[in-house]
Amino acid sequence: MKRPVTSGAETTNPAASSASAESSGPAASTDSTADRDAAPAAGLDGIPRQRPLAVCAEGVHVAVAESAPAAAGSARPLLAGLRRVRPWRLFPTPTGTPFTFGYAVVLAVTSLVAEYADPGLVDRVLQASSTDVAHLAQSPVRVLVASALWIAGGLTSAYVIAFLLVLTALERRIGGWRTAGVFLLGHGLATLATEIPVGLSVLAGYLPESSLHRYDYGISFGVATSVGALAGLLRPWLRWTVLAVFGWMVVGDLIAFTDPMTNWGHTMALAIGVATWPLLRRVGSPSQLQDDDRDHGAPS
């Protein structure tokens, strides 16, 4: 009679095999049931299967798994808004804002000339470009244009940054020709509004004749008008913030009373820009304004 052959843990004893099968039957049945529940349904391989909430740990896992897509969905609008922000659009470009870009190049050249050229030559050129009463009476158009080619204070003036930011934003909304018109309108009207009273005061004897010849040049009147015009095209909260900040600067200069003519000129130039709101809102396209606000990341 041969003994059953055993090798390691494996046995060929039928009784042992039967007992092992009977002892492991319920566990095997349970495992097979769990495997069937965990396995995806036939024909739905591409669709995730909802796991049963049989165990608390699995319920926590399912809750986290279900909340993750919701969190990702809520973050998508924020990421999309950040992608729409384009900081480089705050400054002029040759194709996007040709008027502001070309004007900025001219101002940079004249500022370098004023800084490094012969002081006597610069003094004569600035005097010839001054919009004083004497020059306005002789050749008003020439001196109004010439005076706008120089920056009082050079490239370190605060009006340089204001020029770049304000005129770029304005040109993106209403175009180059209208931006040039707004700038020159404020520059010319504010200059005349400050110089004509000087001439009348000299004729009346309240001011000396030397007041007819003075330095009066720069871009500040045009920039102040552009600030007022741009404010009318902004959203209400930003509009009144811009006007409040710039208006406070103007009022502060008037209180200091260091240069009354120039300070009053800034006030009138800002008012001229505000007066252009009805016209600019009619000529501007609402869809273009909304697109530009989205490009700058303006809130809805």
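The values are calculated or read from the model by the stated rules, or taken from the named source; none is laboratory data. Remember, predicted model here, so these are calculated numbers, not experimental data. Positions of Cβ are generated from backbone atoms using ideal geometry, with glycine treated the same way; all protein chains shown enter the neighbour counts. Note: accessible area is taken over every heavy atom of the protein model, side chains too, but ligands, DNA and RNA are not part of it. Shrake-Rupley method; radii C 1.70, N 1.55, O 1.52, S 1.80 Å.
So the values come out like this:
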quantity	calculated
Flag for ASP118 being in contact with a Lys or Arg (Cβ under 8 Å, 6 or more places away or on another chain) and farther than 22 Å from VAL160 by Cβ	no
Complete set of residues in segment 92-109 that are within 10 Å of ILE151 (Cβ to Cβ) and crowded, with 18+ Cβ neighbours inside 10 Å	LEU107
Subset of segment 89-106 that is in a helix (DSSP H, G or I) and in contact with a Leu (Cβ under 7 Å, 6 or more places away or on another chain) - its residue that is farthest from GLY175 (Cα to Cα)	VAL106
Odd one out for ALA148 among (1) under 24 Å from LEU167 (Cβ atoms); (2) at pLDDT below 95; (3) of a type outside the set (D, E, K, R)	(2)
Residue in segment 115-123 that is under 20 Å from GLY222 (Cβ atoms) and either at pLDDT 95 or above or not in a helix (DSSP H, G or I) (or both) present	no
Residue selected from segment 202-217 under the condition in contact (Cβ under 8 Å) with a residue 40 or more places away in the chain and open to solvent by 70 Å² or more (accessible area, probe 1.4 Å), by the criterion farthest from ALA114 (Cα to Cα)	HIS213
Conditions (1) surrounded by fewer than 19 Cβ atoms within 10 Å (Cβ to Cβ); (2) out of contact with any Gly (no Cβ under 7 Å at 6 or more places or on another chain): number failed by ALA152	(2)
Whichever residue in segment 229-242 is assigned to a helix (DSSP H, G or I) and free of Cβ contacts under 8 Å to residues at least 60 places away in the same chain and, among such residues, is surrounded by the most Cβ atoms within 10 Å (Cβ to Cβ)	ALA229
Any hit, segment 166-188, residues being in contact (Cβ under 8 Å) with a residue 60 or more places away in the chain, closer than 13 Å to GLY218 by Cβ, surrounded by fewer than 19 Cβ atoms within 10 Å (Cβ to Cβ) and out of contact with any strand residue (DSSP E or B) (no Cβ under 6 Å at 6 or more places or on another chain)	no
Condition broken by VAL245, with the remaining ones in (1) touching a Gly at 6+ places or on another chain (Cβ under 7 Å); (2) among the aliphatic types (A, V, I, L, M); (3) open to solvent by 20 Å² or more (accessible area, probe 1.4 Å) satisfied	(1)
